[in-house]
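The structure appears below as structure tokens.
The values are calculated or read from the model by the stated rules, or taken from the named source; none is laboratory data. These numbers come from a predicted model, not from an experiment. FYI the Cβ positions are ideal-geometry reconstructions off the backbone, even for glycines, and counts take in every protein chain you see. Ligands, DNA and RNA are excluded from the accessible area calculation, which covers all protein heavy atoms including side chains. Shrake-Rupley method; radii C 1.70, N 1.55, O 1.52, S 1.80 Å.
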Amino acid sequence: KRVAIFISGGGSNMVTLAESMTGDHPARPVLVLSNNADAGGLKKAEAMGIPTAVVDHRPFKGDRPGFEAALQAELDKAQPDILCLAGFMRVLTAGFVEPWKGRMLNIHPSLLPKYRGLHTHARALEAGDAEHGCTVHEVTPELDDGPLLGQARVPVLENDTPDTLAARVLEMEHKLYPAVLRRFAAGDKTPVLLP
Ligand code: GRF
């Protein structure tokens, strides 16, 4: 299976996903694409020998379909079977998502359906939750919705800040996403639940 990974920043999830696709793994990374030319993950992908592309969203301000057509044009070239969003910070419309239905994954730093959207760690702390975590789901036109493919839980500790909690969640993301992708690429949609 050919996998494209969309990033917007450091790409730590992209790195762990790409590093997991070796040996008898049924998938290989064929493209890392970012909407941000300065994304640190682009250099990491290049260092790993993975083809990269940039589609800057700013020239398409007010023209989401135009931005998404440019994204799709890069995908038409790379011909991936699976699309993984990993720290990709742009909302995608139904027009882009529909053709990828069943072949597109996203990781979100909360125990969905709790805390869709942004600032998930601060919101979990605000709510006094004892547990928090991350979720991998199939992407549907609804933001941070879609069939669950994996979930990982972490404890919320006494003096956690959004940053300390985010770091604990990110560590689990790096375990969860590769485990989900390995199953998904083999055609197995049984959810991965950690620990
Ligand atoms: C992190 O906040 C992570 O929780 C979310 O995207 C952000 C950046 O991740 N999935 P990455 O290091 O770019 O993969």
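Quick check on region 105-123. Is at least one of its residues away from the ligand (no atom under 15 Å from the Cβ), open to solvent by less than 20 Å² (accessible area, probe 1.4 Å), touching a helix residue (DSSP H, G or I) at 6+ places or on another chain (Cβ under 6 Å) and at pLDDT 95 or above? No, region 105-123 has no match at all.
One line per residue, one yes/no per condition, for (1) aliphatic (A, V, I, L, M); (2) within 23 Å of Gly102 (Cβ to Cβ); (3) away from the ligand (no atom under 14 Å from the Cβ):
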residue	(1), (2), (3)
Phe6	no, yes, no
Asn13	no, yes, no
Ala18	yes, yes, no
Lys44	no, no, no
Leu71	yes, yes, yes
Lys77	no, yes, yes
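For Glu74, the test of being open to solvent by 90 Å² or more (accessible area, probe 1.4 Å) and in a helix (DSSP H, G or I) is failed. Being within 23 Å of Glu171 (Cβ to Cβ), within 16 Å of the chain's Cα centre (by Cα) and of a type in the set (Val, Ile, Thr) is the filter here, so list the residues in region 11-69 that pass it. Val15, Thr16, Val32 - these are the residues of region 11-69 that are within 23 Å of Glu171 (Cβ to Cβ), within 16 Å of the chain's Cα centre (by Cα) and of a type in the set (Val, Ile, Thr).
Against the list (1) surrounded by fewer than 19 Cβ atoms within 10 Å (Cβ to Cβ); (2) touching a Gly at 6+ places or on another chain (Cβ under 8 Å); (3) closer than 24 Å to Ala27 by Cβ, the condition Gln151 fails is (1). Checking each residue in region 86-104 for being outside any helix (DSSP H, G or I) and open to solvent by 10 Å² or more (accessible area, probe 1.4 Å) picks out Gly87, Phe88, Met89, Arg90, Val91, Leu92, Thr93, Lys101, Gly102, Arg103. Filtering region 154-172 down to residues that are touching a helix residue (DSSP H, G or I) at 6+ places or on another chain (Cβ under 7 Å) and open to solvent by 50 Å² or more (accessible area, probe 1.4 Å), which residue is farthest from the ligand (Cβ to nearest atom)? Applying the filter and picking the extreme gives Pro162.
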